[in-house]
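Read-outs: derived from the displayed coordinates by stated rules, not from any lab. Every value quoted in this text rests on a predicted model; they were computed, and no experiment measured them. Backbone-built Cβ (ideal geometry, glycine too); neighbour counts: all protein chains shown.
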Amino acid sequence: MLSVSRAVGLVVLAAAVLSFPGLAPNPYILSAGIVVLNYAVLATSWNFVGGFTGYISLGHGALAGLGGYGTALLVTKAGLPSFVALAVAALAVAALAVPIGLAALRVRGASFVIVSIALVLILLLVFQSWSSVTGGSRGLVVPRPFPDLLRPEHHRVFYYLFAGLLALALLAWWVIDRSRFGLGLKAIREDEDKAEALGTPTFTYKLIVFVVSAGFTALAGGLYALWFGDLDPVFQFSILTGSYLVLMALLGGVRNLFGPLAGALIVGTALEYFKGQFGNTPLHLVATGVLLGLVVMFMPDGVLPAITGLWQRLRKSPQSSIREVSAADLQTERQRAEVAK
Amino acid sequence: MRSSLRRTRWATALGATTILALGACSGDGDGGSTATDDPILVGISLPLTGDFSEPGKGVQQGYEAWAKITNDKGGLLGRQIQLKILDDQSNADRVVADYEQLIGSDEADLVVGPFSTRLVVPAARVAEEYGMLFVEPAGAAKEVFSQGFKNLFYAAPAVANDHYNHLAEYLLALPADKRPKTVAYAAMDDPFAQGTAYGLKDKLEAAGIKTVVNEVYPPNTTDFSSIAAKIASSKADMLVGGSQYQDGVNLIVALQQLNYQPKLAAFSGAPTNPEFAKAIGNKTEGVLSPTGYSPDAPYPSNKEFVEKFTAQFGKAPDEDQANAYTTGQVVAAAVTAVGCAEQGDCQKKLVDWVHGNKVETVVGPLSWDQTGKPQGAHMIQQWVGGRIRIVLPEAVKEAEFVYPKPAW
Amino acid sequence: MPSGALLFQSVILGLLLGGLYALLAAGLTLYFGIMRVVMIAHSAFLILAAYLAWWTHTRLGIDPLLSMIVTVPLFFGAGVLLQRGLLSRLRAITLTMMSVLLTFAVALIIEGLLGYAFTGTQRRIQLGYGSAGLQVFGARIAVVKLIAFGLAVLALAALYLLMKKTTFGWALRATIQHRDAARLVGIDTERVAGYGFGLGLATAAIGGTALSLDTTIYPSLHWHWIGPLMAIIVVGGLGSVPGAAAAAVLLGLIQSLLQIPLGTTWAQTIFYLALFATLAFRPQGFFGGRLAQRF
């Protein structure tokens, strides 16, 4: 049941997102908003796998790229209307995620990461080389879905489309989070062997959530392609994109519905800031690396839980004995207890 | 802790709201008036870091030289030129964001082009959709001109596919028994580099000269031994490399390791680089390269450019610097003729003027067709007697064409 | 049909390349064996070593091979520090995933600093014997490639002897095979793990120097290496050093031969096809390595 405060929070958030185009002083700010929203959708899509199962994929940039190229090719080669092409491309990427998932998820942890990186690299090679279809290094131009709109209007329309997609992705995450299915996934995250022993069909669960994640990622990638208009394999299939998504989700907090969104806002702004601050040097890479390192070392649960924890301590609210903790937290607590003994 | 979990979510929601709101407020630009003594703000996005950063810096120097030389003479329309250069990190997403910022937020009066064909097309689309004139120094591949852009002009003598036109004419005019019979092509997977090699390939194939090797390698290739092995085993009479700089050097060194000796070797990009001779062990004699610019060219503005550029940067300008300077010259000519430099209707007048006129530049007189494609050809240079000299066309040659090429 | 000479030339080139792959993959395998860590920064350190070799040659004017006197101990120390100071402090339960991100971050930092110090310009060492070659049964082998291959073989042999013949090697192998049991028989596994990491990183120093002799280097080049190397260690069986070496030579050879009909770009895909095939049909790898089943 929605409490009053939650309803108010949701309304305020929605109002802020929806009123942004009206407040943006020029089309540049609006386009920057679209980029951040796109990151937010991608990071939320990533979090279906990363947040629920704890499997970290560095290859989601490739799934977005596939969505983009799929949409573009269906529009240019098959002549489908833009948004039909987008839907078909997302379904196709979701279908393709099944064999990828079969190979990547059979083995645990490390192999999954390696496969996710390999996915980016192999797709980069294929899309560069297969230039008769993909345009290769000459790039691929995506026809505009609304050719009559002026550029600022075009931005405005796509801003709302991205906002809608974000709402859809958040809703899907929320529904899974509260379902039995979600419970099974979180069991995998905490201890895959025990989850399996207790009868959770771990492999099927992982595969399903990976496919859902791939579908949303492809939708975001395809929508971005329709907005941006130009595709180039080097920029579509980049490991850096995937790593930004991981950074965003981790920084915000993978256990939180709004964690990736908050991460996208922080990292999106930070990337702009680093670029402005370090000008013509590649130190923005160093800054990104340091930020990622700090998050991994000191804040692996993200800023939101850290802030909430602080808030809690300040308010000294009584804790009930029934609470959700991660296996990692539990282990740390036990170690502390042992040391205390 | 169910309640605390919920609270986290709503804390996030509120946090997000705040950040969004802050973002919305912080963007207030200084919506300035355009009084006549305001400087003319020229917006540029260049790859100053990342894969294209080296030529990107050359282009930057060209623009800076243009602004300084023009301002020293009193500016344009009595207004000083002010450059605003953003770094696009050699990334297409960034280049678009940069031009959005330059046009939308900084309210640049004029924008000029970035470097590399891969970045020109997305950048030109932004300029086109805001109705801005877009003269660019680097988008030479034919794909740039097939996008239907009306505001785009390439400020150099010829597009990539026409770079070797003079060489093709020369070879086809040779008696049949002297012509090379087989050719090996190796081109970087880049629209510009491929364009130069394939422009020549099309003309030679049409005349019946056989292609025996046709290799494309990705821009990040560092080991050329396998490509070299293929070329060497084909024993082609002639070698054409669609190269930038380092890839051309690597290919030549790998071919030297295999002791392959062609009768002719042509590379786009590499041989004009000042470090080329040292990099391949000074065995440069006879290596060919097309170029759109020579510091010795007799055009009136070129003398001034070379002199002042050398004074400013302590070295003679290269093709990248010259192309950027040329871009500035074209824009300046239009602004002076039309008498305005600001966003809005003025831009349409500027575009119309450039379409209808010929501009004198450091690379010679330039004019364009409806797609913005320049109507000229490149000169062919060759390493003769330890220096790179113009050998084709006949009218401007500085040395005799050396054929066949001595061993390297 | 390609000529016999071209095929022979390609086989030689493939073997030379495979030797370098083998050395680098050995380092990656060590990390994985010791800590179940996929060390993304391995190839960034490789490029760092190549830059140091290049710098030694251009600034100090001495042979790039001499740079190893400094880089090998330096990288060994860096490896120990990386393991003791950073990786061992991560929570054990999420170690595999978080270590990927941490080493990814290290790779980004190295790439950014290299770009800052040396700009993005492509660099290449110009050696007097750079374009020299030897004629062997109709094939030509570049002298620099031969030196690089020799370095790789020497380093691998030294690694093998260290692992098989010394007390430290015995302790290291015990730690890799069963950490808890190793601790029970009195091995200081923490320290051994740190030294093992140093050893892995030292292979990157040697590999980087070998690499710098005959190729161009630039800061983002490490992305180009990490993919094939990771494919090699999976195909070879995660954690198995001989497996990684065998897979490296085999894949290097296939890549070189595939370049004849397919060209450079398509030939690179063999690494990823082999990776996917391995995971789909034989996740424990084709050359032993029991660890992969579970990780």
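Tabulated data
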| read-out | value |
| --- | --- |
| Ordering of B:394-401, C:139-146, C:233-240 by packing [mean C-beta count within 10 Å, highest first] | C:233-240, C:139-146, B:394-401 |
| Between the stretch A:1-49 and the stretch A:170-207, the Cα center-to-center distance that results, in Å | 28 |
| R0 of 30 Å, Cβ-Cβ distance A:GLN331-C:LEU162: FRET efficiency to nearest 0.05 | 0.30 |
| Cα point-scatterer Debye curve for the stretch C:4-294, base-10 log of I(q)/I(0) at q = 0.07, 0.08 Å⁻¹ | -0.25, -0.33 |
| Volume of the Cα convex hull of the stretch A:21-340, divided per residue and given in Å³ | 167 |
| Reachable aspartates and glutamates, given that their alpha-carbon falls under 19 Å from the alpha-carbon of B:LYS303 and they are not under 8 places away in the same chain | B:GLU64, B:ASP72, B:ASP318, B:GLU319, B:ASP320, B:GLU360, B:GLU398 |
| Taking B:TYR63, C:TYR21 and counting other C-beta atoms within 10 Å, the order from fewest to most | B:TYR63, C:TYR21 |
| Nearest-20 debye value, the stretch C:4-294 charge dipole, Cβ charges on Lys, Arg, Asp, Glu | 500 |
| Virtual paramagnetic centre 7 Å along Cα→Cβ of C:ARG91, amide N under 18 Å, in the stretch A:90-126 | A:109-110 |
| 28 Å Cα-Cα threshold exceeded, pairs from B:LYS230/B:LYS263; B:LYS57/B:LYS348; A:LYS275/B:LYS373; A:LYS206/A:LYS275 | B:LYS57/B:LYS348; A:LYS275/B:LYS373; A:LYS206/A:LYS275 |
| Cross-link partners of B:LYS210 among aspartates and glutamates (Cα-Cα below 16 Å; sequence separation of 8 or more within a chain) | B:ASP177, B:ASP202, B:ASP237 |
| Proximal aspartates and glutamates to A:LYS186, defined as alpha-carbon separation beneath 19 angstrom and excluding residues fewer than eight positions away on the same chain | A:ASP177, A:GLU196, A:ASP301, A:GLU324, A:ASP329 |
| Dipole moment magnitude, nearest 20 debye, the stretch B:48-181 about Cα centre, only Lys, Arg, Asp, Glu C-beta charged | 540 |
| Dipole-positive endmost among A:TRP46, B:VAL391, B:CYS340 within the protein assembly as shown (Cβ charges, Cα centre) | A:TRP46 |
| Three semi-axes of the equivalent ellipsoid, the protein assembly as shown, Cα gyration tensor, whole Å, largest first | 47, 39, 24 |
| Selection from C:THR167, C:VAL70, C:TYR195, by position along the positive dipole direction of the stretch C:4-294 (Cβ) | C:THR167 |
| Net lengthening on full extension, A:LEU183/A:LEU10 (0.36 nm per residue, minus Cα-Cα) | 59.8 nm |
| Separation of alpha-carbon centers, the stretch A:85-126 and the stretch B:116-153, rounded to whole Å | 35 |
| Only Lys, Arg (+1) and Asp, Glu (-1) charged, at Cβ; chain A dipole about Cα centre in debye | 480 |
| The stretch C:145-295 shape via C-alpha gyration tensor axes, a/c threshold 1.5 | oblate |
| Residue-span extension gain [C:ARG183 to C:LEU134] - 0.36 nm each, minus C-alpha spacing | 12.5 nm |
| Estimated D of the stretch B:149-202 in µm² per second, where Rh is the Kirkwood radius over Cα pairs and Stokes-Einstein applies at 4 °C, 1.567 mPa s | 100 |
| Gap separating the Cα centres of the stretch B:293-331 and the stretch C:57-98, nearest whole Å | 47 |
| Value of [θ]222 nm, deg cm²/dmol, for chain B, DSSP H segments ≥ 4, -39500 (n - 2.57) each, nearest 500 | -13000 deg cm²/dmol |
| Options A:THR202, A:SER179, A:SER137, ranked by Cα towards positive dipole end of the stretch A:135-223, top entry (Cβ charges) | A:SER137 |
| Per-residue average of Cβ from other chains inside 10 Å of A:92-104 | 1 |
| Least to most buried among B:HIS166, C:HIS42, B:HIS355, C:HIS222 (fewest other Cβ within 10 Å first) | B:HIS355, B:HIS166, C:HIS222, C:HIS42 |
